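Colleague: Have a look at the structure that comes next, please.
The values are calculated or read from the model by the stated rules, or taken from the named source; none is laboratory data. All of these numbers come straight from a predicted model, not from anything done at the bench. FYI the Cβ positions are ideal-geometry reconstructions off the backbone, even for glycines, and counts take in every protein chain you see. Ligands, DNA and RNA are excluded from the accessible area calculation, which covers all protein heavy atoms including side chains. Shrake-Rupley method; radii C 1.70, N 1.55, O 1.52, S 1.80 Å.
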Amino acid sequence: MTASIDMLTFNLLQHDVLVRGGFTVGNAHHDKDFVFGTALNRAYVLESDRDAGARHPMVLCSPEVMDDVKGYGESCLACFQQDGQERWFLHFLMRFSRYTHEPIYAGKVIMDDPAQRVRDFICRRLREDKGSVLEKAQWLADYWNRTVASLGVFAEVDASIEPANTSRGPTIMVRRIFGSAVSG
């Protein structure tokens, strides 16, 4: 589930779509027409709570999810960040923060264009957005600078940076989920 949320968030970020949500544990039912259950209700409350919800572009994780994550050890815990309010969220910039230019090998996704594209989006938002939307952009810029730019592979973002517009377009990661084939 974590990998699916991460991939979806990464793909949407390439199109300047910021994701906000809740990730929790519980029962849920879904079919082609309906989705309902305690997990969906708890995720909605986690994301939308006026005081403790996800005000910024993040997928907040419930304490139950984090208990499970901590049980898997440090390597799994690295996929999550804390937001300063002792709330955990999925570290959706992790692909950028762990990236190194070397070594280059067959099949390696080169992150230079996607990183530039995201930086351009954030810089544009810092210059053009207003009010609560600007607050989200400021939070995202701080998150980028703290977790990605601080490592020196990709540059910082701030409102004074003009977009480079050098990206050749989004790098979309694909995950296929295969089910059993039904013939008839």
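Colleague: Might you let me know whether segment 1-22 holds any residue that is among the aromatic types (Phe, Trp, Tyr) and touching a residue at least 40 places away in the same chain (Cβ under 8 Å)?
Modeller: Scanning segment 1-22, I find at least one residue that is among the aromatic types (Phe, Trp, Tyr) and touching a residue at least 40 places away in the same chain (Cβ under 8 Å), so the answer is yes.
Colleague: Still on this structure, please answer the following. For residues that are small (Gly, Ala, Ser), assigned to a helix (DSSP H, G or I) and at pLDDT 90 or above, tally how many sit in segment 40-74.
Modeller: Residues that pass the stated criteria total 1.
Colleague: Of all residues in segment 14-51, which are open to solvent by 50 Å² or more (accessible area, probe 1.4 Å), of a type in the set (Phe, Trp, Tyr) and closer than 24 Å to CYS79 by Cβ?
Modeller: Scanning segment 14-51 gives a single hit, TYR44.
Colleague: Turning to a different aspect of this structure: Within segment 80-99, track down each residue that is open to solvent by 30 Å² or more (accessible area, probe 1.4 Å), assigned to a loop (DSSP other than H, G, I, E, B) and in contact with a Leu (Cβ under 9 Å, 6 or more places away or on another chain).
Modeller: If the condition is that a residue be open to solvent by 30 Å² or more (accessible area, probe 1.4 Å), assigned to a loop (DSSP other than H, G, I, E, B) and in contact with a Leu (Cβ under 9 Å, 6 or more places away or on another chain), then ASP83, ARG87, ARG98 are the ones that fit.
Colleague: How many residues does segment 54-79 hold that are in contact with a Leu (Cβ under 9 Å, 6 or more places away or on another chain), of a type outside the set (A, V, I, L, M) and either open to solvent by less than 10 Å² (accessible area, probe 1.4 Å) or in contact (Cβ under 8 Å) with a residue 12 or more places away in the chain (or both)?
Modeller: Qualifying residue count for the region: 5.
Colleague: Determine which single condition ASN11 fails, assuming it passes every other condition in (1) touching a helix residue (DSSP H, G or I) at 6+ places or on another chain (Cβ under 8 Å); (2) open to solvent by less than 60 Å² (accessible area, probe 1.4 Å); (3) not aliphatic (A, V, I, L, M).
Modeller: So the condition that ASN11 fails would be (1).
Colleague: Follow-up. Looking at segment 115-143, I want the residues that are open to solvent by 70 Å² or more (accessible area, probe 1.4 Å) and modelled with pLDDT of 95 or more and have a partner that is among the hydrophobic types (A, V, I, L, M, F, W, C) and not in a helix (DSSP H, G or I) with Cβ atoms under 6 Å, at least 6 apart or on another chain. Which pairs are those?
Modeller: Hits for this filter: zero, empty list.
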